[in-house]
Amino acid sequence: MQKPDNSKLKSSLYLRLLGYTFRYKIVFAFSVLAMAMFAVTDTAFAALIKPLLDGSFVEKDPDTIRLFPFILIGLFLLRSVSGFISTYGISWVGRNVVKTIRQEMFEKLVHMPTKTYDFASSGELLSKLTYDTEQVAEAATKAITVLVRDGLTVIGLLGLMFYQSFILSIGLFVIGPVIAIFIKVMSVRFRDASRHIQESMGFITNVVEELIAGHRVVKIFGGEKSEKNSFENVNDNNKERHLKLALIQGISIPLVQFIVALFLSGVIYFVTSDEYLEVISVGTFMSFITAMILIFAPIKRLAEINVVLQRGLAASESVFKLLDSQSEVDRNNNNFNKIFSRDFETISFNKINFSYYDNNNLVLNNINFSIPKGTTCAIVGKSGSGKSTLINLLPRFYDIKDGSICIDSDNISTFSLKELRGMIAYVGQDLTLFNDSIRNNIAYGALENKSLDDIRYAAKSANASDFINNLDQGYDTFVGDNGVLLSGGQRQRIAIARAILKDAPILLLDEATSSLDSESEKLIQNALIELQKNRTTIVIAHRLSTIEKADQIIVLDSGSIREVGKHSDLISKNGLYAKLHKIQFPDL
């Protein structure tokens, strides 16, 4: 098997990176032009040393002597302006590249299949979105800055040095490495600006973590647009924070250089005054020494840029792998005009075999049952029996390859994901609340245009209105990260109110009363009774007492249906369900 050409892979990665940079080609072109002007000033400065000193000591021309300080001021003014344009311009391009790539990655995360979340850690995904994008931007912008500005500087200074003294230039290659050891890189820290950048990164991480933790809720309640908008806001804030840092840096460094230039101009003006004109000219020597001093910093940066470039290419490979991964796709595209009717008669699961790993290790095996409209079907079984997997197939969090799920005679794959999920409400044991107000948590995603009266009605139906009204800010109260400021029962009732507000004909309850105290469970049960009215409900229950009135109970064991029936019938059979019931109620 032929190995891929690594050099071609790197070239294609870098060309793709440059594609993001060239989206801002006007600013980028001005930045590159400013870099070239900046590079010229270094060579020009070193070259001016010789005529400055020789003209002062040999020709003794007062007008020329007095003119040189102003030439130097103009030269450093040009350097300062070009330095600012190149620094801020390339930073502007870089931050927009980061913003664009992050936005594309976040939108990819919003539409990624649930299976991808199952097999990728949240830390890995967050690292791609935060750290890797920074490395990619450095490779796309900083590398160009160094190659253009420092490359032209080195070429210009080397040419000048060989022109001034070929012998001394040859000696440079001997003493150069020794001098390079003593080169120190001055690092300027902007604590306040950096702190704000870190805070903005925290906001980005928070939004992404909420998406990753609550992706099922986002998909079921049509929150994709809301999440994209939230991320765009914090992403834009992060861009502005970085640009503020670049602005400070772009102004401060050229300003310091210009002040130093004024000082040097004053010294040179003083040294070239009349009383020093009889000293032997050292113009050539000083011009060479100046060029030699100036050349080491750009050479060092050119030597180091390969590290940045390789780090950026490695990060870009990771980033582009995510961007190129498959999003959730709707199958049977020709049928996407099909409307999901609320007046369906039956939901049927037909000969379903399912495996997460596309192998023979089946999680669900030959599942067959149907649920009449308006009835409640409970699914019970030991941990790991396949209960949650089964209900996750209905909203197509996972697609099945063997068997079918049908609404009447229509396979669910013939509906668009938006149409299908728009008809399903979901309340799970792992609740997802967003760091927002109670109002926005109830009216989430596609429900955001619901009126306050509708929200209050949903909250009242979920037995949540009393505790909400007792809060100082009522429905405008922020719930904290994943509802941390609320109790477990309060969080559960907010989630139920959200499902009531959606008013979907199909309801999925995944152990919605687990880990609650008795008082909270009673309130939740009353809310769930209200929620299940006139809806087709599929319930996963750990506490069997909560599903005794279900119209149908499916008993799963190791991915297969062991028993089907009502509570009383299953108890009388004295099978697996009866054993599970006896474990929970040994005294009955």
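The values are calculated or read from the model by the stated rules, or taken from the named source; none is laboratory data. Keep in mind that what you see is a predicted model, and the values were worked out from it rather than measured. We place every Cβ from the backbone using ideal geometry, glycine too, and count neighbours over all the protein chains shown.
Being within 19 Å of residue 155 (Cβ to Cβ), modelled with pLDDT of 85 or more and assigned to a helix (DSSP H, G or I) is a description that does not apply to residue 23. Within the stretch 41-85, being at pLDDT below 80, buried (at least 19 other Cβ atoms within 10 Å of the Cβ) and of a type in the set (S, T, N, Q) holds for one residue alone: 56.
For the stretch 375-394, the candidate set comprises residues that are at pLDDT 90 or above and in a loop (DSSP other than H, G, I, E, B); within that set, the residue that is surrounded by the most Cβ atoms within 10 Å (Cβ to Cβ) is 394.
Do you know which of the residues in the stretch 409-427 that are assigned to a strand (DSSP E or B) and not hydroxyl-bearing (Ser, Thr, Tyr) is surrounded by the most Cβ atoms within 10 Å (Cβ to Cβ)? So that I can check it myself, show each step before the final result.
Keep residues of the stretch 409-427 that are assigned to a strand (DSSP E or B), which gives 410-411, 424-427.
Subset that is not hydroxyl-bearing (Ser, Thr, Tyr): 410-411, 424-425, 427.
Numbers: 410: 16, 411: 14, 424: 23, 425: 25, 427: 27.
Result: 427.
Residues in the stretch 476-499 that are farther than 21 Å from residue 222 by Cβ and at pLDDT 90 or above: 476, 477, 478.
Pairs meeting the criteria (first residue in the stretch 229-243 and without any contact (Cβ under 8 Å) to a residue 40 or more places away in the chain, second residue in a helix (DSSP H, G or I), beta carbons under 8 Å, at least 6 apart or on different chains) are 230/207; 234/200; 234/203; 234/204; 234/206; 234/207; 237/200; 237/203.
Listed by first and then second residue, the pairs with beta-carbon distance under 8 Å, at least 6 apart or on different chains, first residue in the stretch 386-415 and under 25 Å from residue 562 (Cα atoms), second assigned to a helix (DSSP H, G or I) and of a type in the set (Ser, Thr, Tyr), are 392/114; 396/413; 397/114; 398/114; 398/389; 399/413; 404/413.
When the helices (runs of 4 or more DSSP H) confined to the stretch 69-170 are screened for residues that are under 29 Å from residue 203 (Cβ atoms), those reaching at least 2 such residues are found at 114-119, 122-127, 133-137. Of the listed requirements (1) over 22 Å from residue 219 (Cβ atoms); (2) without any contact (Cβ under 8 Å) to a residue 40 or more places away in the chain, residue 366 misses just one: (2).
Please go through the stretch 204-238 and give me each residue that is among the acidic types (Asp, Glu) and modelled with pLDDT under 80, ordered by number.
So in the stretch 204-238, the residues among the acidic types (Asp, Glu) come out as 209-210, 224, 227, 232, 236.
209, 210, listed by residue number.
Which members of the stretch 442-451 meet the condition of being touching a helix residue (DSSP H, G or I) at 6+ places or on another chain (Cβ under 7 Å) and in a helix (DSSP H, G or I)? Passing the criteria: 442, 445, 447. Taking the listed residues 487, 409, 465, 416, the one that is among the small types (Gly, Ala, Ser) and either in contact with a His (Cβ under 8 Å, 6 or more places away or on another chain) or closer than 23 Å to residue 110 by Cα (or both) is 416, with no other qualifying.
Just one residue in the set 88, 131 is of a type outside the set (D, E, K, R), buried (at least 19 other Cβ atoms within 10 Å of the Cβ) and either within 30 Å of residue 357 (Cβ to Cβ) or touching a residue at least 40 places away in the same chain (Cβ under 8 Å) (or both); that residue is 88. When residue 497 is tested against (1) touching a strand residue (DSSP E or B) at 6+ places or on another chain (Cβ under 9 Å); (2) touching a residue at least 12 places away in the same chain (Cβ under 8 Å), exactly one condition is not met: (1).
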